[in-house]
Every structure is written in structure tokens, then in C-alpha cells.
């Protein structure tokens, strides 16, 4: 609130949405999603709000006790305070799961369906292959490429034995 | 909370440790890949070209191609 007073002195500069909403609560009703939310995220260790919004009577009493010296708190009370502030611990939020199996399985399943679709497509949609794919044509094509000595150093012609007239072993 | 007390985890120098590990690993892997490429690809290719052209007779090559009948300008 001090911040908004300073801003009004400076000249109505950038004010956060939540501050504006608080100022106009009589006109604007703020939905749940507009308010700061709690998140369990490894890269956001201290969320904007505590996990438990509405404290029970015993929790309120505990919060009062928290204002005194912390050495007077028992272990259970410390854990209770932690659980008020946070939903899952880092160990809990980072636990591994078996979700990847479901994901991989579903992906493979749909790839399989796609395979069936492609098989149907080859059978009922596509026309014949051009003659350049016939075995005889490819043989004549390869012979001509060898005659031309295509890529004689590391490529096609380098794999052909010109003395014995066969592919190198 | 529980009766057994867990050992205190490493609290400091986590980023430094991670950086050191990844910098060393990255350096070693980069050098390794570069060395393997130099030997397996670059040097191999240079040798192949040198060997090919050491005793290369362009006219003989041309005659072979001409006899095979691939040219249009000379039969």
C-alpha cells in the first residue's frame, strides 16, 4: 500500500493488476484465476501464496506460536507449518512416474494405425511406379553411371572393380 | 519427524559443482568428437584423394569412358 502511495506521487506509473483489482473491488469481481496462485515447481521454489488459504482454529493458533521463538516449536508443529505453506515437498513433486510408458505406448499405437492407413493408400490410391524404377532400367542406369565413373574416389565407382567387372568385396 | 536422522545434504557450491562437471565433460567430448572426425573422416578422405590421384592417367580414363560409349561429342 505504501508502494501505491509512492506511485501516485511519482505520477500514476505502472501498477500491478492485483493492486488495481483491490482498489476497485466494489466494481470488479476477481475470479480465482486472476489472483496469485500456488504452484509446485522446481524452478519456482517460493510460490506467491501459501498452500492453505483458510486456516482452522488450531492452525491459526500455531501461526501465532510461530511468531514467538522457533526453538519452542516441536518437530510435528514445524512439519504442520511447512504443510500449511507448501503442498508437496521437493522430493514429492519430483517423484518419478510411469507416465512415459503410457506416452510411448500411445504414440506407437497411433503410428501403427498410420501404417495401416499408408498400406491402404498404396493399394487403393497410388498409381503405378514410373518405369525408371524397374529392375532392368536401374541395372542399365547403374551400368551407365559406372561407365561415367561417377564419384570414383569415395563414392559409387570407387566400389566397383573395373578389372574383374564386379563389385569390390 | 521420523526417529532416524537423515545426513545433512550438500547445501553449498551446487552450481559450481554442476558447472565444473559440465564444462569438463563438454570439453572432453568436444575434443574427442573433433579428434575422431579428423582421423575418421578428414584424414581418411585426404588419403583417398591422394591415393587416387598418385597414379592417375586422365587420358587412359577418357579412353575407357569413350569406349563405353557415354559421350555424345566423340564416339
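The values are calculated or read from the model by the stated rules, or taken from the named source; none is laboratory data. Values in this document were obtained by computation on a predicted structure and should not be read as measured data. As a convention, Cβ positions derive from the backbone with ideal geometry for all residues, glycine included, and neighbour counts pool all protein chains shown.
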Quickly run through the stretch A:76-100 and pick out the residues that are in a loop (DSSP other than H, G, I, E, B) and closer than 23 Å to residue A:59 by Cα. A:86, A:87, A:88, A:89
Among the numbered criteria (1) more than 14 Å from every other protein chain (Cβ to nearest Cβ); (2) under 30 Å from residue B:59 (Cα atoms); (3) surrounded by 10 or more Cβ atoms within 10 Å (Cβ to Cβ), which single criterion is violated by residue A:166? (3)
Per-region count, the stretch A:152-163, residues touching a helix residue (DSSP H, G or I) at 6+ places or on another chain (Cβ under 9 Å), within 11 Å of chain B (Cβ to nearest Cβ), over 12 Å from residue B:64 (Cβ atoms) and part of a loop (DSSP other than H, G, I, E, B): 2
Kindly indicate whether residue A:143 is in a helix (DSSP H, G or I), within 30 Å of residue B:60 (Cβ to Cβ) and out of contact with any strand residue (DSSP E or B) (no Cβ under 7 Å at 6 or more places or on another chain). yes
Could you check the stretch A:61-84 and list, in sequence order, the residues that are more than 38 Å from the chain's Cα centre (by Cα) and surrounded by 11 or more Cβ atoms within 10 Å (Cβ to Cβ)? A:61, A:62, A:65, A:66, A:70, A:73
Have a look at A:129, A:123 and point out the one that is in a loop (DSSP other than H, G, I, E, B), without any contact (Cβ under 8 Å) to a residue 40 or more places away in the chain, more than 14 Å from every other protein chain (Cβ to nearest Cβ) and over 38 Å from the mean Cα position of the chain (by Cα). A:129
When you go through (1) under 35 Å from the mean Cα position of the chain (by Cα); (2) closer than 30 Å to residue A:141 by Cα; (3) exposed (fewer than 11 other Cβ atoms within 10 Å of the Cβ) one by one for residue B:33, which number turns out not to apply? (2)
Which listed residue, of B:16, B:50, B:2, B:42, is over 18 Å from the mean Cα position of the chain (by Cα), modelled with pLDDT of 95 or more and within 14 Å of another protein chain (Cβ to nearest Cβ): B:50
Which one of these is away from every other protein chain (no Cβ under 14 Å) and over 30 Å from residue B:60 (Cα atoms): A:95, A:83? A:95
How many of the residues in the stretch A:26-55 are over 24 Å from the mean Cα position of the chain (by Cα) and exposed (fewer than 10 other Cβ atoms within 10 Å of the Cβ)? 7
So residue A:55, is it part of a loop (DSSP other than H, G, I, E, B), in contact (Cβ under 8 Å) with a residue 12 or more places away in the chain and more than 12 Å from chain B (Cβ to nearest Cβ): yes
